[in-house]
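Quick notes on the structure that follows.
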Amino acid sequence: MNRHEFKEKVIEYASTIGIDDIGFTTAEPFTEFKAKLIDYYKNGYESGFETGTIEERTNPKASLPSAKSIISIAVGYPNKLRNAPKSKRGDRRGIFARASWGMDYHTLLRKRLEKLEAYIKSIDPSIECKSMVDTGVLSDREVARRSGLGFIGKNGFVINPKLGTYSYLGEMIVSYPFPEDEELLDSCGDCNICVDRCPTGALVGDGQLNSKKCISFLTQTKGFMPVQYRGVVGNRLYGCDTCQQVCPRNRGINTEHHEDIVLEPEILKPELTSLLKISNREFKETYGHLAGVWRGKKPIQRNAILALAHYKEESALDLLKEVAETDPRPVIKGTAYWAIGQIAGNDALEYIYSRYNEETDQEIKQEMLLGIQEVS
């Protein structure tokens, strides 16, 4: 069997195990991406969640010395939540970003890559393989771009002709020289909608992102949300889809054929006050399978409080006061106090001042004052 025949067999098999698109590239260093990474760190755009050194992130042979090729895979995911509960007064809802709907995509992609690796080794057991999904050192998007799965849009996502931007990406470094695919030469042209509509101005053009300003990143942090971004987070509990929702290339696309991506409307759009009362065990049992809770319960609860403030949900005031007075975590306590001021306005002044001397943590005290300074 020659290299081209082997490649065709891999492509054919991939389509039978839930892989929507597949591409092949060499294991040569990502020279252009390396230059972009250097600028990325130089400008302070990194989130802190990145893995590996610049060399590790741009040289596949640093991960697998015998590397000859990289196989990139894409699996589309749904972007419409049918039968979703309505967010209304007294029953306000938050939302998880679409990439977090269903089974944790790390698990979903690893299962497919494991099957693909087993198939490749069934043909040639001597081939070495190393798979990566999101948390690996290589850039999933850059590998996908060079493998011909799409071009990187101004929103920083790989835009695939069949899947748009709504796809999970993963890759496998292999010690076999598969024929490489041609890169997809396309672009956003004059379209600048995603850049213009980004709520925080995090998109800086040419597919670059200032992670520290990105709502998706901000919702995953564990500390206090920077004040300047609280007003634009809205009801987002994890992630942000704005730059994908406005992208014209996503029109008419909604991948729903994967049986292992099961959508749970009540979990993906949960009632906000219930999140503030949930125990650690209940949280893990209910939400533990979602990729969006990898940072734990605290960021989700902080974001739920911000969402209640966004909605000015007066029915949540008693619960927020309970949280502010009894929760042992400064970030949750302080954010609850801030939200009370935002929701109750002048009516919160007496309560905040009566509690001010009861609190000893200076950050909590600052949050109390921040919450009422606009109405005092």
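Since every read-out is calculated from the coordinates, none of them should be taken as a lab result. Keep in mind it's a predicted model, so treat the numbers as computed, not measured. Reconstructed Cβ throughout: ideal geometry from the backbone, glycine too, with neighbour counts over all protein chains shown.
Observations on the structure shown:
- Other residues lying with their Cβ under 9 Å from the Cβ of Cys188 contribute a combined charge of 0, Lys and Arg counting +1, Asp and Glu -1.
- Structure note, pairs Lys88/Lys213; Lys154/Lys312; Lys34/Lys213; Lys213/Lys269; Lys42/Lys269: Cα-Cα distances above 27 angstrom occur for Lys88/Lys213; Lys154/Lys312; Lys42/Lys269.
- Test item: Cα-centred dipole of segment 312-376, Lys/Arg +1 and Asp/Glu -1 on Cβ, debye: 120 debye
- For the chain, a crude dipole built from +1 on the beta carbon of Lys and Arg and -1 on the beta carbon of Asp and Glu, taken about the Cα centre, is about 360 debye to the nearest 20.
- When you filter the GluC sites (Glu not before Pro) in segment 144-242 for DSSP loop state and at most 13 other Cβ atoms inside 10 Å of their Cβ, you are left with Glu182.
- For segment 312-376: rounded, prolate or oblate by the Cα gyration tensor [a/c cutoff 1.5]: oblate
- Label point 7 Å beyond Cα of Thr26 along Cβ direction - residues of segment 44-69 with amide nitrogen under 11 Å: 69
- Annotation note: GluC sites (Glu not before Pro) in segment 344-374 located in DSSP loop regions with a Cβ neighbour count of at most 13 within 10 Å are Glu358, Glu374.
- The calculated FRET efficiency for the pair Asp124 and Lys212, based on their C-beta separation and a Förster distance of 51 Å, comes to about 0.70.
- Cα gyration tensor category, rounded, prolate or oblate, for segment 1-160 with a/c compared to 1.5: oblate
- Hydrophobic, long helices, defined as DSSP H runs whose alpha-carbon span along the helix axis is 20 Å or greater and whose mean Kyte-Doolittle value is at least -0.5, occur in the chain at 105-123, 297-311, 330-344.
- Virtual paramagnetic centre 7 Å along Cα→Cβ of Asn83, amide N under 18 Å, in segment 243-262: 256-262
- Stretchable slack from Glu183 to His4, in nm (0.36 nm times residue separation minus alpha-carbon distance): 62.7 nm
- The calculated FRET efficiency for Phe283 paired with Ile38, based on their beta-carbon distance and R0 = 56 Å, is about 0.90.
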